[in-house]
Amino acid sequence: MSGAIPEAEREALAGEYVLGTLEAGAARAVEAALPQDAALRAAVERWEARLAPLAALAPPEAPPEGLWSRIEAALPPAVAAPAATIVPLRQPAPARPDLSGLWRGWAMGSTALAAGLAAFLLLRPAPEAPARLMTVLLTQQDQPAWLVEAEGGGLRLAALNPRPVASDRVLQLWALPPGATAPTSLGLIPPEGRISVSPGAITPQPGMLIEITLEPPGGSPYARPSGPIQFIGRLAPATGS
Amino acid sequence: MRDGAAPAEDATLPALIAAVARGEQAALRGVYDRQAARLFGVANAILRDREMAADALHDAFLKLAARAAQFDPARGAAEAWLAGIVRHAALDLARRRGREMPTDDPGLGDTPVPPAALERVAASEEGRRLRECLLALEESRRNGIVLAFVHGLSHAQIAARLELPLGTVKGWIRRGLLQLRGCLA
């Protein structure tokens, strides 16, 4: 399913998906297409908003006793969840390039990391060098998409599985430190790999959420993401390095 | 997830969901305490089986814990977003069991949409507009849409319940949706 779906067809498909009348196979196909197909996703969101008031027709009803305990028991355990997404690098991180030049221009190393886009983002140096932090940003289908390493106040990104971005959209990188209520933009990730940085008072730290959203050209018009999260992960101390 | 401090009693639902995105389990409990009865009602209207509705709510809250960061308050109300997660979890369960629930289920009531019930839809400005647009639809189309959205009925079940040919129902629902969209635009 691609952006080639005619508009009327897409509207009807999105409407029937939200309504719930699609058969299992078709519903799964829509779910699988949503992360890649921004137009379909927007159509689904609009249908959810249009029909949402109908949910008031379902009378509220107390759930069975003990349901919360069941949910709680099935939640991922503390700390273990982010650690499970960590993929230790077999090779040492590539040598640090000349940081003064990077700060102005965003050099892209075509680094040892195989899959193409790699960017080095210089952030405010940490007061004391923390241990190396890593995470793998996952897609909505929990597929690994980006390897993120943080060391010495910098953040390095490498695409594990490069995929095309719609020509009228850009990827924007965000960080949400633990306890913060809104993410801070770390800049855009254009396809050719140059990136403009808005240096913020952000220091990579364990538990920091790193996310990449799909945004209109030039990035989110707001100080927060305006588009859907494409990839997300949480920094945790690197293991096995 | 970490336990986190208990959320403030006056924390808004979007703030709780943001805290869930940060891994605060206490915030997830906060969402549950406030929304479980409403969301269980949404799931049970589709499944009409309390055990299965509990399973749907269970699946939906695990999904919420994993996907809370995807909620964007700029793109819709938190209540609607949560109900959407629960509806799709319930629909998945309904599809998995082949939606074999009987269409003469007394839980469905005598009339799919007693006009008075639509008053409940009109609690918000969006709801008022939706009610007006629903009332502008031909009755069978309106009933078909409500049976599908609220009770999770498939095309075939709606056709059986409204005693109409399957092909007719499919076309009506599709046209009804597009008509709604035009009316709400």
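Would you mind calculating the relative contact order of the range A:1-75 from Cα pairs under 8 angstrom and at least 6 residues apart, reporting the percent as a whole number?
Working: 33 pairs, mean separation 25.7, N = 75.
Relative CO of the range A:1-75 lands at 34 percent.
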Be a star and scan the range B:31-47 for residues whose amide nitrogen sits under 17 Å from the point 7 Å along the Cα-to-Cβ vector of A:Glu65. none
What do the square roots of 5 times the Cα gyration tensor eigenvalues come to for the range A:1-75, in whole Å, largest first, as semi-axes of the equivalent ellipsoid? 30, 17, 11
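What's the average, rounded to a whole number, of partner chain beta-carbon atoms within 10 Å of each residue's beta-carbon in B:11-19?
1
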In nanometres, the difference between 0.36 nm per residue of separation and the alpha-carbon distance of A:Ala166 and A:Ala74 is 29.4 nm
For the residue pair B:Glu132 and B:Ala26, what label-to-label distance in nm results when each label sits 7 Å from Cα along the Cα-to-beta-carbon direction? 4.5
Based solely on its DSSP helices, what 222 nm [θ] is calculated for chain B when runs of n ≥ 4 H residues each add -39,500 (n - 2.57) and the sum is averaged over all residues, nearest 500 deg cm²/dmol? -22000 deg cm²/dmol
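Can you put A:Trp68, A:Trp47 in order of Cβ neighbours within 10 angstrom, beginning with the fewest? Please report the intermediate quantities before stating the final value.
Working: A:Trp68 18, A:Trp47 22.
The most exposed by this proxy come first: A:Trp68, A:Trp47.
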Using the Cα atoms as the points, what is the convex hull volume per residue of chain B in Å³? 127
Relative exposure of A:Met208, B:Met52, judged by other C-beta atoms within 10 Å (fewest first): B:Met52, A:Met208
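For the residues B:Phe61, B:Phe149, what sequence is obtained by ranking on other C-beta atoms within 10 Å, fewest first? Don't skip to the end; give the middle numbers.
Details: B:Phe61 29, B:Phe149 22.
With the fewest neighbours first, B:Phe61, B:Phe149 line up as B:Phe149, B:Phe61.
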Once amide H atoms are built 1.01 Å from N in the peptide plane, which residues 5 or more positions from A:Leu34, or in another chain, come under 5 Å H to H? none
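All other residues with a Cβ under 15 Å from the Cβ of B:Arg181 taken together, and with Lys, Arg as +1 and Asp, Glu as -1, what is their net charge?
Numbers: positive: A:Arg10, A:Arg46, A:Arg50, B:Arg129, B:Arg141, B:Arg142, B:Arg174, B:Arg175; negative: A:Glu7, A:Glu9, A:Glu11, A:Glu16, A:Glu45, A:Glu48, B:Glu126, B:Glu132.
Net local charge, B:Arg181 excluded: 0.
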Could you please state, rounded to a whole Å, how far the C-alpha centre of the range B:5-65 is from the C-alpha centre of the range B:136-185? 30
Radius 11 Å from Cβ of B:Trp172, net charge of other residues (Lys, Arg +1; Asp, Glu -1): +3
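Say R0 is 45 Å: what FRET efficiency, to the nearest 0.05, do A:Thr203 and A:Ala26 get from their beta-carbon distance?
E(calc), rounded to 0.05, equals 0.45.
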For the range B:1-101, max minus min Cα coordinate along each principal axis, in Å, sorted largest first? 43, 27, 21
Using Cα-Cα distances under 8 Å and only pairs 6 or more residues apart, what relative contact order does chain B have, in percent? 18
For chain B, find the longest principal axis of its Cα atoms and tell me its angle to the long axis of helix B:50-67, 0 to 90°, nearest 10. 50
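We did not get these values from a lab; they are worked out from the coordinates using the rules stated. Everything numeric here is computed off the predicted structure, so don't read it as measured data. Don't worry about glycine lacking a Cβ; one is built from the backbone with ideal geometry, like all the others, and counts go over all protein chains shown.
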